[in-house]
Structures are given as C-alpha cells and as structure tokens.
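What follows draws every value from the coordinates through simple rules; no lab data is involved. The model shown is predicted, which means the values in this text are computed figures rather than measured ones. Don't worry about glycine lacking a Cβ; one is built from the backbone with ideal geometry, like all the others, and counts go over all protein chains shown.
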Amino acid sequence: MIEFLANHTPTLTHWLVLCALLFCIGLYGVLTRRNAIGILMSIEIMLDAGAINFVAFNYFNARDTVDGQIMAIFIIAVAAAEAVIAMAIFVALYRYRGTVDVNEMDSLRDES
Amino acid sequence: MMTEAAQTVVFYILAASVLGLSIAVVRVRRLLRAAVALMVMLTASAALYVLLGAEFLAGVQVLVYVGGIVVLIVFAIMLTRSSDLLEDVPSNLRRLMGVCVSSGFALIACGIVLTSHFPLSPSAVAPEDDSRAIGKALLDYGPNGYVLPFEIISLLLLAAAVGAIVIARRTPPSAQPFTSGGDLPPEAPHVISLSQRDKRQER
C-alpha cells in the first residue's frame, strides 16, 4: 500500500489538471452568479488556479529558481488591488442603484 | 518512501477539498457562506503551496488572501446587504449554458495537458532559503531580476488604494478637482438632517 502510494506521487500533469478543474469551476461561477460579489469570488478562484499553475511549473521544471513563485506573488498583489477596486465600485453601485445584481446593470441599453 | 506516500495522500486530500470547497463557493446561495467557503478553500490552497515547496508563498497567501481579500469581500457583502436577500437561483438555461461552457473548457484544457509532454528537470536543487531567494530576485537589477515589476506593482497598489477612496467616497467636496462638482444622486441626499444631528448630539 505504502509502496503503491510512494510510486504514485503527483506529477506535473496532476497539478495542471487540478488547476484546470479549479479554473473551470470559477468560470462556471462567473457565468451563473447574478450577484456581483459572487462573481468577484469566482474570479478569485480563477486567479488562485493560475497562481498554483505557476508554482507547479516552478517546482517541476525550474526548481533552482524562484521565478514562478514571484509570478504568483504578483498575481496575489494584483488580486488584492482588484478586490479593493471592486469593493469600492460595489459600494458606490449599491448607493446609486440599491442593488448589485448584474442583470439590473443595463443603463447603457436603449430603453425605448 | 514514507515521505512520498504521505505526499501523495496529502495531495489528493487537499485537491479534493479545494475542488469541493470551490464548488461550494460558486453554488451556495447565501453569499456569506460562500465567503467562508472561499476562506477555507484559500487556506487549503496555501497548504498546496507548502506541498510545492513554496513556504513563503503560502504565508503570503494566508496573509493577503485569507486575512485581506476575504475580509474585504465580507465587508462588501455587509455593505451592500447581499446577505439579507437570498441570491435568486440562476435559471435552468443559464445553469445549462454555464455547465456547457465550463465543462467544455475543462475537457479541452485537460486534453491538452494530458497529451502534451513537458520537459522536466527534476535534478535541480531547490534554493536553500525560499524567502531569501525571493527577496534577492525581487530586488535584483540584473537580467533575471524583478525590480521593475516590483516597483510597478507598488505603484499599482497605491493607485488602487487612492482610486478606491475616490470611488467609494460618500460626499465629495464640491470644489474637488477631477470631479464634476459632486456626484450625489439628486433624490437621495446623504447629508444628515438637522433633527438627526440634534438627536446624535443628545446621545
């Protein structure tokens, strides 16, 4: 049993498949959520999948450098900036429209 | 050998929990519960980083994501009162289209990953100290350094902070530069009325 497990350590393919599935779950959330904050949370899942991808490539392909980890740090920083701006926009939006439902956000559409 | 076996077991446990929790994030109707699931899912992915030998990154993930972004999301949920109202269930057509698009993308991505061959170089030795190597690379001026992106990211964070304040500000001064004399909605003035102000002073 232990021998079987030791011979089946996760390879790069396992990690990439995991990240692809995670990304697709986030994509599903973006497409089906109606609340804008729910969409933001789904986008965070997608960003996290991308960051894990970078670190996995770093670990399996270039272990003597830290380039992939630095890319992941940049992704995390950009996600933080994005979350700050998104929260400000949602609060302003709620103040004007009373809702953050993205189906209601159609003021650019010609009503007549 | 025990280490490899433990690594395999931990990887599958963490992968299953991350996938399940992220499904909970996109499916749960109450947004606050989704935020809590997101928090646990990000912690589990920090554990995945540890499994990949990136301890510093795991710490950053817990600090920034779990401690910062999720708290910000919870703030946004509270401020927009999204927790009071149940999010209405997406229509069946919408759900079907979401499943089609995301499973199609998953099929294509997994097919590409499984059929392509990645040249591996597992013989390389990882740097002794993770955080030291990251710090050196971030402040390196050389061709492999990241000092320019590092500075740009700090500028981006500053711009994001200032922009968030400008966007979410409640009562802009009328003579504020770069705004058109206040952007309050005309029918809902957010100035505290005189009577309320008096009550507040009495308290």
Between B:Lys136 and A:Ile2, what is the label-point separation in nm under the 7 Å Cα-to-beta-carbon projection?
3.7 nm
Rounded if a/c is under 1.5, else prolate if a/b is larger than b/c, else oblate: which is the stretch B:93-171, with a ≥ b ≥ c the root eigenvalues of its Cα gyration tensor?
oblate
P(r) for the stretch B:1-148, please, calculated from all Cα pair distances in 10 Å bins and given in %.
9, 23, 32, 25, 10, 1
In sequence order, calculated HN-Hα J values of the stretch A:38-53 (Karplus, 6.51, -1.76, 1.60; Hz; x Gly/Pro):
x, 5, 4, 5, 5, 5, 4, 4, 5, 5, 5, 4, x, 5, 5, 4
Using the 10 angstrom Cβ neighbour count as an exposure proxy, how do A:Met46, B:Met41, A:Met1, B:Met78 rank, fewest first?
A:Met1, B:Met78, A:Met46, B:Met41
Shielding by partners for B:6-13, please: the mean number of other protein chain Cβ atoms within 10 Å of each residue's Cβ.
4
If you wrap the protein assembly as shown's Cα atoms in a convex hull and average its projection over all directions, what's the area in nm²?
23.1 nm²
Restricting things to alpha carbons, tell me how big the stretch B:15-61 is in terms of Rg and Dmax, in Å.
11.5, 36
